[in-house]
1. About its Cα centre, how strong a charge dipole does the chain have in debye, to the nearest 20, once Lys and Arg get +1 and Asp and Glu get -1 at the Cβ?
2. Between GLU18 and ASP49, what length in nm is gained on full extension when 0.36 nm per residue of separation is reduced by their alpha carbon distance?
3. Hey, what D do you get for the chain in µm²/s if you plug the Kirkwood alpha-carbon radius into Stokes-Einstein at 37 °C and 0.692 mPa s?
4. By how many degrees, between 0 and 90 and to the nearest 10, does the Cα long axis of helix 15-31 differ from the longest principal axis of the chain?
5. Can you give the net charge of the other residues whose Cβ lies under 14 Å from the Cβ of ILE20, counting K and R as +1 and D and E as -1?
6. Using only alpha carbon pairs under 8 Å that are at least six residues apart, calculate the relative contact order of the chain and give it in whole percent.
7. Probe radius 1.4 Å, ligands and nucleic acids left out: which of ASP42, ASP35 has the largest accessible area, and how do the rest follow?
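The values are calculated or read from the model by the stated rules, or taken from the named source; none is laboratory data. From a predicted model like this one, the values you see are computed outputs, not experimental measurements. Ideal geometry is used to build each Cβ from the backbone, glycine not excepted, and the neighbour counts take in all protein chains shown. These accessible areas exclude ligands, DNA and RNA; they are computed on the full protein's heavy atoms, side chains included. Shrake-Rupley method; radii C 1.70, N 1.55, O 1.52, S 1.80 Å.
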Amino acid sequence: MPSDDIETPITTAPPEVEKIIREVIRVEKENLHSDRPRVKADILQIIKDAVR
């Protein structure tokens, strides 16, 4: 996949899915330098919030 297509799966997803993907990416980015990342719990919370 060429680098210019990297956001295609995100931008072509339904709005609800795009929101989940972008939030997960944000959380992952915030936790990159953490000694004890809580990414799994954060991602689970993002998905639960989106489903509600």
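1. For this selection, approximately 360 debye.
2. Using 0.36 nm per residue and subtracting the Cα-Cα distance, I get 9.8 nm.
3. Numbers: Rh = 12.1 Å.
Estimated diffusion coefficient is 272 µm²/s.
4. Here the helix axis deviates by roughly 50 degrees.
5. -1
6. On the way: 20 pairs, mean separation 15.9, N = 52.
Dividing the mean separation by the residue count of the chain yields 31 percent.
7. ASP35, ASP42
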